[in-house]
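S.K.: Could you have a look at this structure, given as structure tokens, before my questions?
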Amino acid sequence: MLNQKDLSSLSKGDEVDHYLLIRKFEVKLARNNKQYLNMELGDKSATLNANMFDNFEEICKSFKTGNLVKVKGKIDDYKDTKQIKVISLEAVDNAEVDINEFLPKSKRDINEMKEEFRKRINSLGNHYLKSLMNRIFCDEKFEKFSTAPAGKSWHHSYLHGLIEHTLEIIKICDLMCDIHPELNRDLLIAGAMMHDFGKTEELTYDGTFDYSDKGKLIGHIVIAALIINEEAGKIPDFPEDLKNCLLHIVLSHQGKLEYASPVVPKTVEAIALYQADELSAKVNAYKNALATQLKPESKWTNFLSLASTDLYNHGLTSEFDEEIIKTLFD
């Protein structure tokens, strides 16, 4: 274990003497026509912009994203955003330090999430869908699904984020089926399970979160649809209409053509999943932004381009009965 303060806990003027992960770097040209090294450096708690203005030419030749460096400098700010003014950098052998200590992780217990997900599969009443989910969420594929983030940077962008995000959506969809019994619960839950499964192949997370070549060329929506089509074909007499409706839920789950969905939602289950996905993703993203993007001495975040607004941290605490909350999704 590293004995260093979380990056998120540091304030302007604090000294930085940390092992940090290079998430991005580029040599840029300043207004005075002098080159400087611009980076994004992070630990499990935060990623900050960092600049080095002198003596960086040699060391940056050996840099790769996902490498560890020993950083000395100070926390500064630029336009109300914390950044690191780097004084010195030292290359570090990744084998010397556990790289997983620098990657953010879900706050939920991963074994509990795995068990919850398995119970959800076992609760499916339609034997075709249950068989299909058991085929897809098995062995190494389930381990990869349980480890992967749900996004590169916006929502659930941490290890085990994909299973956490999926379980949130399953709960929302299950509740909607209680409110609207006309919905096909098994179809909707199976669609929720599969909607982002393609991210297991779309995203990489070995040192930094990024898109794979396959992810960039095909995308997680089509990857998931191909997997469904292939695995359903191995189940004797799998109903064609059931397969098409499940494929439609996955293909339409981002809601609009301009959001990269090949089709828009055209069944009640598809629209329910789209809205559940939006709710889970945006609440998580906004919550994380409030935790990491507040301006110094302010209740407001910086302007968030993906949200098209800044956010307000009211600071009001809620009072609730934990036992009541636990029974909401029983």
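The values are calculated or read from the model by the stated rules, or taken from the named source; none is laboratory data. Worth saying up front: this structure is predicted, and the values here are computed from it rather than measured. Backbone-built Cβ (ideal geometry, glycine too); neighbour counts: all protein chains shown.
S.K.: If we keep just the residues of the range 151-169 that are surrounded by fewer than 23 Cβ atoms within 10 Å (Cβ to Cβ), over 11 Å from LYS105 (Cα atoms) and of a type in the set (A, V, I, L, M, F, W, C), which is farthest from the chain's Cα centre (by Cα)?
M.R.: LEU167
S.K.: Restricting the range 252-274 to residues that are touching a helix residue (DSSP H, G or I) at 6+ places or on another chain (Cβ under 8 Å) and touching a residue at least 40 places away in the same chain (Cβ under 8 Å), which is surrounded by the fewest Cβ atoms within 10 Å (Cβ to Cβ)?
M.R.: ALA260
S.K.: Working only within the range 53-78, note down all residues that are touching a residue at least 40 places away in the same chain (Cβ under 8 Å) and within 21 Å of LYS12 (Cβ to Cβ).
M.R.: Correct list: VAL71, LYS72, GLY73, LYS74, ILE75, ASP76, ASP77.
S.K.: When you check LYS44 against the structure, is it exposed (fewer than 12 other Cβ atoms within 10 Å of the Cβ), assigned by TED's automatic domain parsing to the domain that holds ASP93 and basic (Lys, Arg), yes or no?
M.R.: It is false that LYS44 is exposed (fewer than 12 other Cβ atoms within 10 Å of the Cβ), assigned by TED's automatic domain parsing to the domain that holds ASP93 and basic (Lys, Arg).
S.K.: Residues to consider are ALA95, ALA50, ALA30; find the one that is among the small types (Gly, Ala, Ser) and at pLDDT 90 or above.
M.R.: Only one candidate qualifies: ALA50.
S.K.: Further question: Checking the condition among the charged types (D, E, K, R), surrounded by fewer than 18 Cβ atoms within 10 Å (Cβ to Cβ) and without any contact (Cβ under 8 Å) to a residue 60 or more places away in the chain, which residue from LYS295, LYS299, LYS243 passes?
M.R.: LYS299
S.K.: Mind checking which pairs have a first residue in the range 33-52 that is in contact (Cβ under 8 Å) with a residue 24 or more places away in the chain and closer than 20 Å to ALA291 by Cα and a second that is among the small types (Gly, Ala, Ser) and surrounded by fewer than 19 Cβ atoms within 10 Å (Cβ to Cβ), Cβ under 7 Å, 6 or more apart or different chains?
M.R.: SER45/SER8; ALA46/SER8
S.K.: Within the range 263-273, identify whether any single residue is within 19 Å of CYS173 (Cα to Cα), of a type in the set (Ser, Thr, Tyr), outside the structural domain of GLN83 (by TED's automatic domain parsing) and within 23 Å of the chain's Cα centre (by Cα), and answer yes or no.
M.R.: Taking every residue of the range 263-273 in turn, none turns out to be within 19 Å of CYS173 (Cα to Cα), of a type in the set (Ser, Thr, Tyr), outside the structural domain of GLN83 (by TED's automatic domain parsing) and within 23 Å of the chain's Cα centre (by Cα).
S.K.: Hey, ALA270 hits all of (1) assigned to a loop (DSSP other than H, G, I, E, B); (2) touching a Cys at 6+ places or on another chain (Cβ under 9 Å) but one; which does it fall short on?
M.R.: (1)
S.K.: Right, next: Out of the range 6-41, which residues are among the basic types (Lys, Arg) and either part of a helix (DSSP H, G or I) or touching a strand residue (DSSP E or B) at 6+ places or on another chain (Cβ under 8 Å) (or both)?
M.R.: Result: LYS12, ARG23, LYS24, LYS28.
S.K.: Out of PHE53, PHE63, PHE25, report the one residue that is aromatic (Phe, Trp, Tyr) and surrounded by fewer than 15 Cβ atoms within 10 Å (Cβ to Cβ).
M.R.: One residue alone meets the criteria, PHE53.
S.K.: Exactly one of (1) touching a Leu at 6+ places or on another chain (Cβ under 9 Å); (2) in a strand (DSSP E or B); (3) within 21 Å of LEU294 (Cα to Cα) is unmet by LYS85. Its number?
M.R.: So LYS85 meets the others, but not (1).
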